[in-house]
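Data first, discussion second: the structure below is written as structure tokens.
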Amino acid sequence: MRKPVIELLVNNHPGVMSHVTGLFSRRAFNLEGILCGSVGDGKQSKMFLMVNEDRRLPQLLKELAKLHDVMSVQLRHEIDDSIFAPLHAVM
Amino acid sequence: VAITGQVPSALIGTDAFQEVDTYGLSLPITKHNFLVRDAAELLEVIPAAFHLAESGRPGPVVVDVPKDVQMQSVEFERWPEPARKDPPVGCDPDDIARLAEMIHKANRPVLYIGGGIITSGCSKELRQLALQNSIPVTSTLMGLGAFPAGDPLDLGMLGMHGSRFTNHAIEEADLLLALGVRFDDRATGKVAEFCPNAAIAHIDIDPAEIDKIKTSALSTAGDVGEAMRQLIKILPEDNRSSWHARLDELRRTYPIEWPAPEQTGHPLNWIRALGERLEPADIVTTDVGQHQMWAAQAYPVRAPRTWLTSGGLGTMGFGLPAAIGAALEKPEQRTVCITGDGSLLMNIQELATLADLQLPVKIFLFNNGHLGLVRQQQELFYGRRYHAVEFETSPDFVTLARSFGLEAHRMKPADATGGWLDNILTAPGPCLVDLPIQSAENVFPMVPPGGANREMIGGEIHA
């Protein structure tokens, strides 16, 4: 079954990952996979977060949008969670 | 904004002397936090920290600065502009028009208001709105003072330790105007049974609070003061005589039962004695526990920002530092700290600060030798299996305060009447008053945890 993927545009500095993953853990929300890489001149990054379907998903998107270092939040229905498939080769 | 010191950058991660991951530690308990890696960053980080702390829904911000960054020199052209908080965000006029229509059509509307009204500084607008359409107002713990206690439209505090009348009144509402509130569990009780017949209109500055706990029929994320200013312009007048007749009936059915005056030494009587003597502009701070709930029930908070209490987090130890801060900011007003023995011990070292600064803070210590609110829960819901709620060792707080050089008195129950209280409240400088309280005394009424607000126990009238 396809899983929802959240795309974040974030400021690229060492604390951002803590802010994002900390939000997931303290709001008791599962995070199934993370892909992350810098974009443009390296001042910003894109994060793709694979999550489970959950009725609290709209609430989570609002909480993510409140993080200071998160520039934009999008639920990317059209992205296939197969973007995480190459991970299986190394695991 | 807390600016904290960190070990030098080169030692971060080496378990250096007194190194602690302040950034990681403060991450879940702040609105945002920064670890500064270069002094030049401070030119952006410091204004950003104040902007973040004050804008939108305010919150704490930590700026952690390693020692080498503190000592670093940096050259720059000019100082950055001091931060200004974002201007208030207005609401969509169409939403406000729909809201006015909802209110106009409702028969039993209730304004359910909270700390957002105080943060937004819109008590005047709230009063105008309530008066214009004769809408009764119930307040959360954090909203006390936003609407004057004792006003004919004031329903009092709702929720776990709200009055029977208030909780029954809001149960009958057909429209709940939720302004600057977040449907906290202490206010709502069992959420599914909170105001079951009411449509909800929710206005809050924080979009993440909208529809988080209760789904609203109409909602808008914006400044509640701006929303009310827009609403007042288009909302028709109404006297709502039948709704107020029904509220009067409920008021007679569920009168508040105050302890008899001869029950001297009853905590509610101490609070009422303070309430009779303090002016509306005087500031009351509380700690967390039974004394806080008694104060919320019986102290008439008549003006915004005169009631400083720790609500959602319930942080014991808040009262004394908050009183010192209030007295520094408003030295011309009296500041009273209502506290308990458990809470005061959490920040007892601040008695030294109080003695240093000689601020006019009067501490009223409701001393029952217990963590009373937890003792009460163990009595009522855990079969009286008391554990770790009684202080086997309690300090003599009067001697303790005097050892800091502070004036201190121990009162007897019989002292509840008489001139001593006036003398203490009018004397200059700090003072601690130890009030002995019966440890068996409970806060009533009480909604059992997880119960619906109508299922209150205790506090009935004894015919």
| Counting only residues that are of a type in the set (A, V, I, L, M) and crowded, with 17+ Cβ neighbours inside 10 Å, which one in segment B:40-56 is farthest from B:E209 (Cα to Cα)? | B:L42
| note | Restricting attention to segment B:266-277, the residues that are assigned to a loop (DSSP other than H, G, I, E, B) and open to solvent by less than 10 Å² (accessible area, probe 1.4 Å) number exactly 0
| task | Six or more apart or on different chains, Cβ under 7 Å: which pairs go from a residue in segment A:8-21 that's at the interface with chain B (Cβ under 9 Å from one of its Cβ atoms) and within 15 Å of B:D21 (Cα to Cα) to one that's among the hydrophobic types (A, V, I, L, M, F, W, C) and not in a loop (DSSP other than H, G, I, E, B)? Could you list them? | result | A:G15/B:L35; A:S18/B:L27; A:H19/B:L27
| query | Does segment B:435-453 include one or more residues that are in a helix (DSSP H, G or I), under 27 Å from the mean Cα position of the chain (by Cα) and within 21 Å of B:H266 (Cα to Cα)? | reply | no
| task | Looking at (1) within 27 Å of B:D38 (Cβ to Cβ); (2) within 11 Å of chain B (Cβ to nearest Cβ), find the lone condition where A:R27 falls short. | result | (1)
| said: Just to be sure I understand, how many residues within segment B:10-23 are within 14 Å of another protein chain (Cβ to nearest Cβ) and more than 20 Å from B:A48 (Cβ to Cβ)? | reply: 3
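Picking from B:K214, B:K233, which residue would you name as being out of contact with any helix residue (DSSP H, G or I) (no Cβ under 7 Å at 6 or more places or on another chain), surrounded by fewer than 22 Cβ atoms within 10 Å (Cβ to Cβ), without any contact (Cβ under 8 Å) to a residue 40 or more places away in the chain and charged (D, E, K, R)?
B:K233
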| What is the residue count in segment A:38-67 for residues that are open to solvent by 70 Å² or more (accessible area, probe 1.4 Å) and within 14 Å of another protein chain (Cβ to nearest Cβ)? | 5
| request: Output the qualifying pairs, or none if there are none: Cβ atoms under 9 angstrom, residues six or more apart or on different chains, first residue in segment B:432-453 and free of Cβ contacts under 8 Å to residues at least 24 places away in the same chain and under 13 Å from B:G340 (Cα atoms), second residue surrounded by fewer than 23 Cβ atoms within 10 Å (Cβ to Cβ) and of a type in the set (D, E). | output: none
| task | Scan segment B:57-85 for residues that are at pLDDT below 95 and either open to solvent by less than 50 Å² (accessible area, probe 1.4 Å) or in contact with a Ser or Thr (Cβ under 6 Å, 6 or more places away or on another chain) (or both) and jot them down. | result | B:A83, B:K85
| message | Looking for something touching a helix residue (DSSP H, G or I) at 6+ places or on another chain (Cβ under 7 Å), without any contact (Cβ under 8 Å) to a residue 60 or more places away in the chain and aromatic (F, W, Y) - is there at least one such residue anywhere in segment B:240-257? | response | no
| field | Subset of segment B:391-417 that is among the aliphatic types (A, V, I, L, M) and assigned to a loop (DSSP other than H, G, I, E, B) - its residue that is surrounded by the fewest Cβ atoms within 10 Å (Cβ to Cβ) | value | B:L406
| request: Looking only at segment B:239-254, count how many residues are outside any helix (DSSP H, G or I) and open to solvent by 50 Å² or more (accessible area, probe 1.4 Å). | output: 2
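Out of B:A149, B:A106, which single residue is among the aliphatic types (A, V, I, L, M), farther than 26 Å from B:H291 by Cβ and in contact with a strand residue (DSSP E or B) (Cβ under 9 Å, 6 or more places away or on another chain)?
Result: B:A106 is the single residue among B:A149, B:A106 that is among the aliphatic types (A, V, I, L, M), farther than 26 Å from B:H291 by Cβ and in contact with a strand residue (DSSP E or B) (Cβ under 9 Å, 6 or more places away or on another chain).
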| message | Any residue in segment B:69-92 that is of a type in the set (D, E) sitting within a Cβ distance under 8 Å of a residue that is surrounded by 11 or more Cβ atoms within 10 Å (Cβ to Cβ)? List the pairs, counting only those 6 or more apart or interchain. | response | B:E81/B:P47; B:D86/B:H51; B:D86/B:S55; B:D86/B:G56; B:D92/B:T220
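Kindly evaluate A:R76 against the criterion of being within 14 Å of chain B (Cβ to nearest Cβ) and either closer than 10 Å to A:I6 by Cα or surrounded by fewer than 17 Cβ atoms within 10 Å (Cβ to Cβ) (or both).
no
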| request: Please note which strands (runs of 3 or more DSSP E) are completely contained in segment B:157-224 and include at least 1 residues that are within 14 Å of chain A (Cβ to nearest Cβ). | output: B:199-204, B:218-221
| query | Do we have any residue at all in segment B:122-137 that's touching a Gly at 6+ places or on another chain (Cβ under 8 Å), part of a helix (DSSP H, G or I) and open to solvent by 30 Å² or more (accessible area, probe 1.4 Å)? | reply | yes
| Which of the residues spanning segment B:441-463 are at pLDDT below 95 and aliphatic (A, V, I, L, M)? | B:M456, B:I457, B:I461, B:A463
| task | Take B:P280 and decide whether it is within 15 Å of the chain's Cα centre (by Cα) and surrounded by fewer than 22 Cβ atoms within 10 Å (Cβ to Cβ). | result | no
| query | Somewhere in segment B:27-42, is a residue away from chain A (no Cβ under 11 Å) and within 21 Å of A:L64 (Cβ to Cβ)? | reply | no
| task | Might you let me know whether segment B:105-113 holds any residue that is closer than 23 Å to B:D206 by Cα, open to solvent by 10 Å² or more (accessible area, probe 1.4 Å), out of contact with any helix residue (DSSP H, G or I) (no Cβ under 8 Å at 6 or more places or on another chain) and at pLDDT 95 or above? | result | no
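The values are calculated or read from the model by the stated rules, or taken from the named source; none is laboratory data. These numbers were taken from a predicted model, which means no experiment stands behind them. Using ideal geometry, Cβ is built from the backbone for each residue, glycine included, and neighbour counts are taken over all protein chains shown. Protein only, heavy atoms only, side chains kept; ligands, DNA and RNA dropped before computing areas. Shrake-Rupley method; radii C 1.70, N 1.55, O 1.52, S 1.80 Å.
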